[in-house]
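What follows is a single structure, written as structure tokens, with notes after it.
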Amino acid sequence: MRFEDAALVVIDVQNDFCPGGALAVPDGDAVVPIVNRLAPRFAACILTQDWHPPGHRSFASSHPGRAPFETAELAYGEQVLWPDHCVQGTAGAAFHPGLATDAADLVLRKGFRPGIDSYSAFHENDRRTPTGLAGYLRGRGITRLCFAGLATDFCVAWSAVDAAREGFEAAVVEDACRAIDLDGSLAAAWDEMRAANVARVFAADLQPQ
Ligand code: VGL
Ligand code: ZN
């Protein structure tokens, strides 16, 4: 079985989000074999890559006196301040070495504007600036999206909710994701996804019948 009108969107499976990385998601590398098995079942596979310039405004190090995981008010609203991570061209920004990147049709980089973070693969955190992904998918006739990767409660959730708002049928493959879970952020993310009509599925649900 192949989902002809469906794409797997693999969010930020990069070294900095895996154990040993600058913003390590617990057990983050566990998604790699699951994603590699799922990707060939879809008509399209899209990888996103968090891709920040040095000194990005989402970095706590850009805000004197502030520490990682605090929040700050930026021009577009509240923003969590992160440890420096996924700096363009660094080993931390590279995909996990086990990820089957050759099978991807598109690598979408996000978070490259110095002053705006971009959790979602569709819009930057100002909720307005598009990344261009919706147009790409529509141009290919893709209507259904399954999301996997890191982290469930930030970039995966924001991407899936945006996808549903853009009119795509969206599902998150729960066991193909791992979360940061900052102060209840994982439960809040699932609540938001449910409210946005994002389906919650498991990799086994996507196997051939
Ligand atoms: C992410 C925090 C900062 C993510 C990216 O991929 O979930 N989280 N940048
Ligand atoms: Zn980031």
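The values are calculated or read from the model by the stated rules, or taken from the named source; none is laboratory data. Just so it is clear, the model here is predicted, and its values are computed rather than measured. In this analysis, Cβ positions are derived from the backbone assuming ideal geometry, glycine residues included, and neighbour counts consider all displayed protein chains.
Which numbered condition in (1) crowded, with 21+ Cβ neighbours inside 10 Å; (2) not in a helix (DSSP H, G or I) is the only one that VAL31 fails?
Among (1) crowded, with 21+ Cβ neighbours inside 10 Å; (2) not in a helix (DSSP H, G or I), VAL31 violates only (2).
So how many residues does region 119-148 have that are more than 24 Å from LEU38 (Cα to Cα), in contact (Cβ under 8 Å) with a residue 24 or more places away in the chain and either touching a Cys at 6+ places or on another chain (Cβ under 9 Å) or not in a loop (DSSP other than H, G, I, E, B) (or both)?
Matching residues across region 119-148 total 1.
Using the structure shown, decide if VAL156 is away from ligand 2 (no atom under 16 Å from the Cβ), in a helix (DSSP H, G or I) and under 27 Å from PRO68 (Cα atoms).
no
So LEU47 fits all but one of (1) assigned to a helix (DSSP H, G or I); (2) closer than 23 Å to ASP205 by Cβ; what number is the exception?
Going through (1) assigned to a helix (DSSP H, G or I); (2) closer than 23 Å to ASP205 by Cβ one by one, LEU47 breaks only (1).
Quick check on my filter: what residues within region 54-101 are in contact with a strand residue (DSSP E or B) (Cβ under 7 Å, 6 or more places away or on another chain), among the polar types (S, T, N, Q) and within 13 Å of ligand 2 (Cβ to nearest atom)?
SER58, GLN79, GLN88
Is it the case that some residue within region 70-80 is part of a loop (DSSP other than H, G, I, E, B), of a type in the set (Gly, Ala, Ser) and more than 14 Å from ligand 1 (Cβ to nearest atom)?
yes
Which residues, taken from region 109-134, are buried (at least 22 other Cβ atoms within 10 Å of the Cβ) and small (Gly, Ala, Ser)?
GLY111, SER118, SER120, ALA121
Of the conditions (1) away from ligand 1 (no atom under 14 Å from the Cβ); (2) modelled with pLDDT of 95 or more; (3) surrounded by fewer than 16 Cβ atoms within 10 Å (Cβ to Cβ); (4) not hydrophobic (A, V, I, L, M, F, W, C), SER61 fails just one. Which one is it?
(1)
Spot the failing condition for ALA163; the list is (1) touching a Ser or Thr at 6+ places or on another chain (Cβ under 7 Å); (2) more than 23 Å from ASP27 (Cα to Cα); (3) buried (at least 24 other Cβ atoms within 10 Å of the Cβ), and only one is missed.
For ALA163, the exception is condition (1).
Results for (1) within 13 Å of the chain's Cα centre (by Cα); (2) at pLDDT 95 or above, shown as yes or no for each residue.
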| site | (1), (2) |
| --- | --- |
| ASP126 | no, no |
| THR143 | no, yes |
| SER159 | yes, yes |
| GLY167 | no, yes |
| ALA196 | no, yes |
| ALA199 | no, yes |
| PHE202 | no, yes |
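Going residue by residue through region 11-18, is there one that turns out to be in contact (Cβ under 8 Å) with a residue 60 or more places away in the chain, touching a Cys at 6+ places or on another chain (Cβ under 6 Å), assigned to a loop (DSSP other than H, G, I, E, B) and under 15 Å from PHE154 (Cβ atoms)?
yes
For PRO40, which of the numbered conditions (1) at pLDDT 95 or above; (2) within 30 Å of GLU169 (Cα to Cα); (3) in a helix (DSSP H, G or I) fails to hold?
Exception for PRO40: condition (1).
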